[in-house]
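Taking it in order: structure first as structure tokens, then the write-up.
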Amino acid sequence: MSAVVAAARALVGVRFRLHGRVPERGLDCVGLAALVLGRAAPLGYGLRSGDEGLAAEWLRAAGLRRVEAARDGDLALVRPGPLQLHLMIVVPGGHVHAHAGVGRVVEMPGESPWPVLGYWRPE
């Protein structure tokens, strides 16, 4: 199992907090991704920021590159709604992500229920 997958799974159960960066206080999807990938998180985004181009710029600036096919430990950029983007960590059999509706970091089995805009991997 990759270190990224292990780190993501270790955070399952941490509470959701918008702009959260510290597990003890809560994480959002960006904080979760930054923490498990060992990258700096961008600033100045909201819960409803649906600009895919801007998200791609942030991901590239964090040292990630877009890849065609996902493997465990990659980051999935998905669109749960028309004005919303979300990040999930690909793990064997599913994804780990900070779920605002549930209020926790969760491991979700299976394929993404939302359209996948791309997969990103550390360079």
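The values are calculated or read from the model by the stated rules, or taken from the named source; none is laboratory data. Model, not experiment: these values are computed from the prediction. As a convention, Cβ positions derive from the backbone with ideal geometry for all residues, glycine included, and neighbour counts pool all protein chains shown. To get the accessible areas, we keep the full protein, side chains included, count just its heavy atoms, and leave off ligands, DNA and RNA. Shrake-Rupley method; radii C 1.70, N 1.55, O 1.52, S 1.80 Å.
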Positive-end residue, the stretch 3-122 charge dipole about Cα centroid, Cβ charges, pick of ALA40, VAL67, LEU83: ALA40
So how much slack lies between GLU68 and ARG9, counting 0.36 nm per residue of separation and subtracting their Cα-Cα distance, in nm? 18.9 nm
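Got the relative contact order for the stretch 46-123 handy, in percent, Cα pairs under 8 Å and 6 or more residues apart?
36 percent
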Treating only Lys and Arg (+1) and Asp and Glu (-1) as charged, each at its beta carbon, one finds that the stretch 3-122 has a dipole about its Cα centre, in Debye to the nearest 20, of 280 debye
Suppose only helical runs count, i.e. DSSP H with n ≥ 4. What mean residue ellipticity at 222 nm does that imply for the chain under -39500 (n - 2.57) per run, divided by all residues and rounded to the nearest 500 deg cm²/dmol? -6000 deg cm²/dmol
Dipole size in debye (nearest 20) for the stretch 54-123 around its Cα centre, Lys and Arg Cβ +1, Asp and Glu Cβ -1? 140 debye
Mean projected area in nm² (Cα convex hull; one quarter of hull surface) for the stretch 1-117: 6.5 nm²
Among GLY110, LEU54, HIS19, flag the residue with its Cα farthest along the positive direction of the charge dipole of the stretch 3-122, charges on Cβ as +1 for Lys/Arg and -1 for Asp/Glu. HIS19
With every protein chain left in place, what is the accessible area per residue of the stretch 55-123 in square angstrom, probe 1.4 Å? 49 Å²
With a 1.4 Å probe and every protein chain kept in, tell me what percent of the accessible surface of the chain is carbon plus sulfur. 56 percent
